[in-house]
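Heads up: the structure comes next, in structure tokens.
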Amino acid sequence: MLTVSQIAERFNISNRQVHNLVEHGYLNVAHLYRNNNHGVTYLFSEEEIAKLDIYSLLAEVQGCPSRGNFGPAFRFKQVIGAVRHYDRFLENVSDYPDDVFLRCCFYLFHLNHYAKTYNENSNHLYRLKNQVLEKMYLENPSLLNIRYLTGPDRYRVWLCEDCKDSAESSGMSYAAYIKNEYFCPKCSLHSVNKEYYSLIEFRVRMAEYKFTFHLPLSSAERWMKNLADLPQSARNTGSYHDRMYLYGRPASPVEEQVFPINMIINKLENYLKTGKC
């Protein structure tokens, strides 16, 4: 692991330049070290650093607007605030008999954000989310309030001749025309996946802590039983395409610095292996 100062020394640049690379998302924090005075030190993977062209990245940073509307001092204050929030959370939940369960919820909450941030890793991250929720459900069902959110079927659309002409005249492919939902009532819709957009919702409400997670029905039904017995409500859906699966938000810059993705993955994988996180 390398610190900010070590990276600066290795590449003969300033500490401020290293922080600029972090703030613009070019350097990923691998771990956050907290000292006894509640200060924080960023740690970076030496292997990851070796793959980067630091000088080219610095050239890209020059003149680029910063991520967010505030200066470095404000952003660092946000980081410190997030670290202290995390420390308080760990301290508070340690008094609960279900402290491992609550910590797992906390890390799963952040994993969800990373799955929406890194599309190239989303399959792995969503698979991990599925495995963690399965373990939580099987081992602590009483701590989860579960609902069945029924959604519509997934349809295959066959454009009518008028819509085909409209797509061609506008220079759009048929697929793009359908994706943008420009088709009309004369077009044919054929159901190809029953309840494709249904979700299973998992809610956690313990003292002052609240978490909500969702899984597609197709994922949860592989290991959940008696789904038909769950309380049901209609899912509020927008457009029909696959983005309906997306809940929540991407990871924020502060989140990426305080709760690095590798840390989140390691915590949850350790929970799956040992029951601790």
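The values are calculated or read from the model by the stated rules, or taken from the named source; none is laboratory data. Here the structure is a predicted model, which is why all the values come from computation and not from measurement. Glycine also receives a Cβ, built like all others from the backbone with ideal geometry; neighbour counts cover every protein chain displayed. Accessible surface is based on the protein model in full, side chains and every heavy atom, while ligands, DNA and RNA are left aside. Shrake-Rupley method; radii C 1.70, N 1.55, O 1.52, S 1.80 Å.
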Tell me, yes or no, whether segment 2-22 has at least one residue that is modelled with pLDDT of 85 or more, touching an Asp or Glu at 6+ places or on another chain (Cβ under 8 Å) and surrounded by 15 or more Cβ atoms within 10 Å (Cβ to Cβ). yes
Of all residues being of a type in the set (A, V, I, L, M) and in a strand (DSSP E or B) in segment 163-207, which is farthest from Arg103 (Cα to Cα)? Just the residue, please. Leu189
Does Lys210 fit the bill of being part of a strand (DSSP E or B), loosely packed, with under 12 Cβ neighbours inside 10 Å and at pLDDT 90 or above? yes
For segment 24-38 the number of residues that are among the aromatic types (Phe, Trp, Tyr) and either modelled with pLDDT of 80 or more or open to solvent by less than 80 Å² (accessible area, probe 1.4 Å) (or both) is 1
So, in segment 143-164, exactly how many residues are open to solvent by less than 40 Å² (accessible area, probe 1.4 Å) and either within 29 Å of Tyr271 (Cβ to Cβ) or of a type in the set (Gly, Ala, Ser) (or both)? 6
Restrict the check to segment 56-73 and report whether at least one residue is among the polar types (S, T, N, Q), outside any helix (DSSP H, G or I), modelled with pLDDT under 75 and surrounded by 11 or more Cβ atoms within 10 Å (Cβ to Cβ). yes
Would you confirm whether or not segment 97-105 contains a residue that is more than 30 Å from Tyr26 (Cβ to Cβ), part of a loop (DSSP other than H, G, I, E, B) and open to solvent by 70 Å² or more (accessible area, probe 1.4 Å)? yes
When segment 165-194 is examined, which residues are found to be modelled with pLDDT of 90 or more and surrounded by 15 or more Cβ atoms within 10 Å (Cβ to Cβ)? Ser166, Ala167, Met172, Tyr174, Tyr177, Ile178, Tyr182, Phe183, Cys187
Does at least one position in segment 132-142 carry a residue that is more than 28 Å from Pro231 (Cα to Cα) and either open to solvent by 70 Å² or more (accessible area, probe 1.4 Å) or not in a helix (DSSP H, G or I) (or both)? no
Filter segment 186-204 down to residues that are in contact (Cβ under 8 Å) with a residue 60 or more places away in the chain and on the phi > 0 side of the Ramachandran plot, then give me how many there are. 0
Within segment 193-206, does at least one residue satisfy the condition of being closer than 25 Å to Gly275 by Cβ, among the aliphatic types (A, V, I, L, M) and out of contact with any helix residue (DSSP H, G or I) (no Cβ under 7 Å at 6 or more places or on another chain)? no
